[in-house]
Amino acid sequence: MEHYWQEISALTMRWVRRLSREKFSMLFTLVQPMLFWLIFFGNLFQRAADTQVMQAPNYISFLAAGVVIMTVLNNGLAGGVDLLFDKENGFLERLMSTPIHRTSVILSRFIFVMAITSMQVLVILGVSYLFGVHPATGILGVATILLIGMMFGVGLTAISMAMAFSVKSHGDFFSVLGFLSLPMIFLSSALVPLTAMPGWMSFLAQFNPMTWAIDAVRPLILSGWTEALPHVGMVILVMLVFDALCLYGGAKAFRRAMG
Amino acid sequence: MDRTIAINVNRLCKTYDSHKAVDDLSFSIYAGEIFGLLGPNGAGKSTTLRTLITLLHPTSGTATVMGHDTVREADTVRTLIGYVPQERAIDRFLTGREHLQLLGALYHLTTDEATKRINELLKLVDLEDHADRPAKTYSGGMKRKLDIACGLLPNPKILFLDEPTLGLDVQSRLRIWEYVRMLKARGMTVVMTTNYLDEADQLCDRLAIIDGGKIKTLGSPVELKIALGGDIVSLTLKELDRIPSLETELKGRPAIKSVRTTTKGLDIRVESPEKALPAILEATNRLGCSIEFIQYNRPRLDDVFIAHTGRAITESIPETESAS
């Protein structure tokens, strides 16, 4: 157990060190695009969006929940990229030839991705605050938002890692990634509520776990506990199933790749 | 003479889909020797190596390292070995020291133990002055040295080197060879793959030539060359169009075992040069071939390779550097 902890903390430290040396690229690729959605998209549609349809005082407060979960989505789907590079340049082999527990590398990645995602979610909520979006459920609500984000993120990161271990080249990885993320966003309640969508889109969006996550986060920001609690309970159930499926698939891909 | 066996491979097979990467390999590696797996790319040497370091499970057959099975006792095996993958298995954002610290934790060393060993290793591979720079600023040779330091960090009984000098300049190659010899002198067993014949010849105590997933021959470089029988007379001709007729002329003559065309002339394997040389000269005179250059050689490892695989090792690899 002590060994396990030593391995995981050293491996997690590696990701932190990398990040601290890649500051600029990380800042630009991960934090910024999401903030742009919030700041530009949010303000751009401020007057075009119908607050009656949105069921929110303004578009930016409606959008905040979507941007939070979009951050989780992007980070999660990209969570396996570094393992992909480790696999391609042989670093992963080097790690796996040491007497570490087979799950250490993966667990360190989960911990790191979740920690970064949480920080970014807090930044998003902070910036929303500056635009006058004050979470109705307070600090506890923010903690719940983080929990939902983590639960969604774990499954997504597992998918990403499964892909990293399965694909033949990183070109394939990025094509699939690019192909996945936009439909996931459009076929969810991130940008407009399901009620405002064309029928076929809202039908598909119901099956998107992202919709469930956003529908729980949104009342936590906009309405309050009474409205939010049933959604929160529901999303926790949905995410348990989602995570179980993703982790199962991820474990299979990992075992196949690592022998 | 009985020698301690460090590694034993018994009827090892590894199949990918329907492709047999390794086909029924059996061999032993003695403790304290430098053992080479020599073969072109795709011959199965990396698959064999990766099985020995527990990263691949054999389709059938077994491999043991210091008596421990690489599948059932993988964790024990991992504590006994050090591994140096092919170049670039380096995190460009970490410094040299951080690489070693990371591995120190993965081998469960205490901070004090690790610090002491890391300083020794940095000194050994001459990277002390660069230890705190990110690896992306390192030259190819420096990366390789760091790779080797990483492989040595666990203080392994057996060190595995995968193509240790691939793509390195001549000076760095010689440095790496020096390290490997020094490690052997310290009693370490070294197992390496290579597709450089001169490297195998210079460095390995024994080597196995692998091609198509099978061992073609195994022994010390000297044994392998002797087994081939016969020395070689290499002719370089002034007129290249005369090569075929000279070849037919020489084939089957007494004292001449075999004749092979090269790009500039002929390689003639002879039983004794005393008898063969006059016969060769007589034949060239008769055909009116002018000889540009004549050379007499003991067999080279290149010849061993060609004799056992039917082709030159360079024919299948894209490297510009050949072993001649």
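Starting from the Cα-Cα distance between A:LEU180 and A:TYR4, subtract it from 0.36 nm times their residue separation and give me the gain in nm to one decimal.
59.9 nm
For a distance above 49 Å, tell me the whole-number percent of Cα pairs in the protein assembly as shown that qualify.
31 percent
Provide, for q = 0.13, 0.17 Å⁻¹, the log10 of I(q)/I(0) from a solvent-free Debye sum over equal Cα point scatterers in the range B:43-119.
-0.52, -0.80
Identify all lysines with a Cα-Cα distance to B:LYS143 below 25 Å; exclude those on the same chain that are fewer than 8 residues away in sequence.
B:LYS143 reaches A:LYS23, A:LYS87, B:LYS45, B:LYS116, B:LYS123, B:LYS157, B:LYS184.
Where in chain A is the longest stretch that carries no trypsin sites (Lys or Arg not before Pro) classed as loop by DSSP and with at most 11 other Cβ atoms within 10 Å? Intermediate values should be presented prior to the final figure.
Values: sites that count: A:ARG47, A:LYS168.
The segment A:48-167 is the longest one with no such site.
Angle check, please: helix A:104-130 long axis (alpha carbons) against the longest principal axis of chain A (alpha carbons), in degrees 0 to 90, nearest 10.
The angle comes out at about 20 degrees.
May I ask you to evaluate 6.51 cos²θ - 1.76 cosθ + 1.60, the Karplus curve with θ = phi - 60°, for each residue of the range A:146-154 and list the ³J(HN,Hα) values in order in whole Hz, giving x for glycine and proline?
For the range A:146-154, the Karplus curve yields 4, 4, 4, x, 4, 4, 5, x, 4 Hz.
Can you tell me the 0 to 90 degree angle between the C-alpha axis of helix B:111-124 and the longest principal axis of chain B, rounded to 10?
Its long axis makes an angle of about 30 degrees.
When a/c reaches 1.5 or more, the comparison of a/b and b/c decides; with that in mind, is the range B:238-306 rounded, prolate or oblate per its Cα gyration tensor? Write out the running numbers ahead of the final one.
Numbers: a/c = 1.67, a/b = 1.24, b/c = 1.35.
It is oblate, given that a/c is not under 1.5 and a/b is not larger than b/c.
In nm, give the distance between the simple-model label positions of B:LYS251 and A:ARG255, each being 7 Å from the Cα along the Cα-to-Cβ direction.
It is 5.8 nm.
Using 0.36 nm per residue, how much length does the chain from B:SER220 to B:HIS19 gain when fully extended, once their Cα-Cα distance is taken away?
Once the chain is fully extended between B:SER220 and B:HIS19, it gains 69.4 nm.
With every protein chain left in place and a probe of 1.4 Å, what is the accessible surface of B:VAL222, to the nearest 10 Å²?
Estimated to the nearest 10 Å², B:VAL222 gives 90 Å².
Please give the calculated 222 nm ellipticity per residue for chain A, where each DSSP H segment of at least 4 residues contributes -39500 (n - 2.57) and the sum is spread over every residue; nearest 500 deg cm²/dmol?
-25000 deg cm²/dmol
Can you list residues from other chains, or at least 5 along the same chain, whose modelled amide H is less than 5 Å from the amide H of B:THR95?
HN-HN under 5 Å from B:THR95: B:ALA135.
In degrees, nearest 10, range 0 to 90: what is the angle between the Cα axis of helix A:59-78 and the longest Cα principal axis of chain A?
10 degrees
Within 10 Å, Cβ to Cβ, of B:LYS184, how many net charges do the neighbouring residues add up to if Lys/Arg are +1 and Asp/Glu are -1?
Charge balance near B:LYS184 sits at 0.
Let's see if you can work this out: charge +1 on each Lys and Arg Cβ, -1 on each Asp and Glu Cβ, no other charges. What is the dipole magnitude of the protein assembly as shown about its Cα centre, in debye to the nearest 20?
Taking the Cα centre of the protein assembly as shown as origin, the dipole is about 160 debye.
Using just the C-alpha positions of the range A:1-135 as equal point scatterers, what log10 of I(q)/I(0) does the Debye formula give at each q in 0.10, 0.17, 0.18 1/Å?
Once normalised to I(0) and log-transformed, intensities are -0.44, -0.90, -0.97.
Check which residues have an amide H placed less than 5 Å from B:SER220's amide H, if you skip close sequence neighbours.
B:LEU207
Report, by chain and number, residues whose modeled amide H sits under 5 Å from the one on A:SER189, excluding near sequence neighbours (fewer than 5 apart, same chain).
A:THR211
Just flag the trypsin sites (Lys or Arg not before Pro) in the range B:1-73 sitting in loop per DSSP whose Cβ has no more than 15 other Cβ atoms within 10 Å. Present the calculation step by step, with values, prior to reporting the outcome.
Details: sites: B:ARG3, B:ARG11, B:LYS14, B:LYS20, B:LYS45, B:ARG50, B:ARG72; in loops: B:ARG3, B:ARG72.
Loop-located and lightly packed - B:ARG3, B:ARG72.
Calculate, in nm to one decimal, what B:THR137 and B:ARG181 gain on full extension: separation in residues at 0.36 nm each, minus their alpha carbon distance.
Gain on stretching B:THR137 to B:ARG181: 13.1 nm.
Hey, with R₀ at 45 Å, roughly what FRET efficiency would A:GLN46 and B:ARG88 work out to, going by the Cβ-Cβ distance, to 0.05? Working shown, then result.
Values: r = 50 Å, r/R0 = 1.10.
In this case the efficiency is close to 0.35.
According to the square roots a ≥ b ≥ c of the eigenvalues of the Cα gyration tensor, what is the shape class of the range B:1-75, taking rounded for a/c under 1.5, prolate for a/b larger than b/c otherwise, and oblate for the remainder?
Since a/c reaches 1.5 but b/c is at least a/b, the shape of the range B:1-75 is classed as oblate.
Positive end of the charge dipole of chain B (Lys, Arg +1 and Asp, Glu -1 on Cβ, about the Cα centre): tell me which of B:ILE81, B:HIS99, B:GLN295 has its Cα farthest that way.
Most positive-ward Cα: B:ILE81.
Taking only the alpha-carbon atoms of chain B, what semi-axes of the equivalent ellipsoid follow from 5 times the gyration tensor eigenvalues under a square root, in whole Å, largest first?
Three semi-axes, in Å: 43, 23, 16.
Please give the calculated 222 nm ellipticity per residue for chain B, where each DSSP H segment of at least 4 residues contributes -39500 (n - 2.57) and the sum is spread over every residue; nearest 500 deg cm²/dmol?
The helix-only estimate for chain B comes to -10500 deg cm²/dmol at 222 nm.
Give a quick list of GluC sites (Glu not before Pro) in the range B:219-308 that DSSP marks as loop, anything other than H, G, I, E or B, with at most 14 other Cβ atoms within 10 Å.
On the way: sites: B:GLU223, B:GLU239, B:GLU247, B:GLU249, B:GLU271, B:GLU274, B:GLU282, B:GLU292; in loops: B:GLU239, B:GLU271.
Those satisfying the criteria are B:GLU239, B:GLU271.
How many angstrom lie between the C-alpha centres of the range B:159-207 and the range B:53-121?
When both Cα centres are located, 19 Å separates them.
Show me the trypsin sites (Lys or Arg not before Pro) within the range B:127-223 that DSSP assigns to loop and that have at most 15 other Cβ atoms within 10 Å of their Cβ.
B:ARG186
Label-point separation (nm) for A:LEU240 and B:THR115, each offset 7 Å from Cα along Cα-to-Cβ?
4.8 nm
If you plug each phi of the range B:31-42 into the Karplus form 6.51 cos²θ - 1.76 cosθ + 1.60 with θ = phi - 60°, what whole-Hz ³J(HN,Hα) values come out, in order, with x for Gly and Pro?
Once θ is set to phi - 60°, the couplings for the range B:31-42 become 5, x, 9, 9, 10, x, 9, 10, x, x, 4, x Hz.
Quick one: Debye curve from the alpha-carbon atoms of the range B:190-257 only, equal weights, vacuum; give me log10 I(q)/I(0) at q = 0.19 Å⁻¹ to two decimals.
The Debye formula, applied to the Cα set alone, gives -0.87.
Among rounded, prolate and oblate, which fits the range A:2-258 when a ≥ b ≥ c are the square roots of the eigenvalues of its C-alpha gyration tensor, a/c under 1.5 means rounded, and a/b larger than b/c means prolate?
Prolate, because a/c is 1.5 or more and a/b exceeds b/c.
Under a cut-off of 25 Å between alpha-carbon atoms, report the lysines in cross-link reach of B:LYS275, not counting same-chain residues fewer than 8 places apart.
Correct list for B:LYS275: B:LYS225, B:LYS238, B:LYS251, B:LYS257, B:LYS264.
Please list, in order along the range A:39-50, the HN-Hα scalar couplings obtained from phi with the Karplus expression 6.51 cos²θ - 1.76 cosθ + 1.60 (θ = phi - 60°), rounded to whole Hz, x for Gly and Pro.
Per residue, the Karplus-derived 3J(HN,Hα) values read 6, 7, 4, x, 6, 4, 8, 3, 8, 6, 7, 8 Hz.
The values are calculated or read from the model by the stated rules, or taken from the named source; none is laboratory data. The structure displayed is predicted, hence computed values, not measured ones. Every residue, glycine as well, gets a Cβ built from its backbone with ideal geometry; the counts of neighbours run over all protein chains shown. With ligands, DNA and RNA removed, areas are computed over all heavy atoms of the protein, side chains included. Shrake-Rupley method; radii C 1.70, N 1.55, O 1.52, S 1.80 Å.
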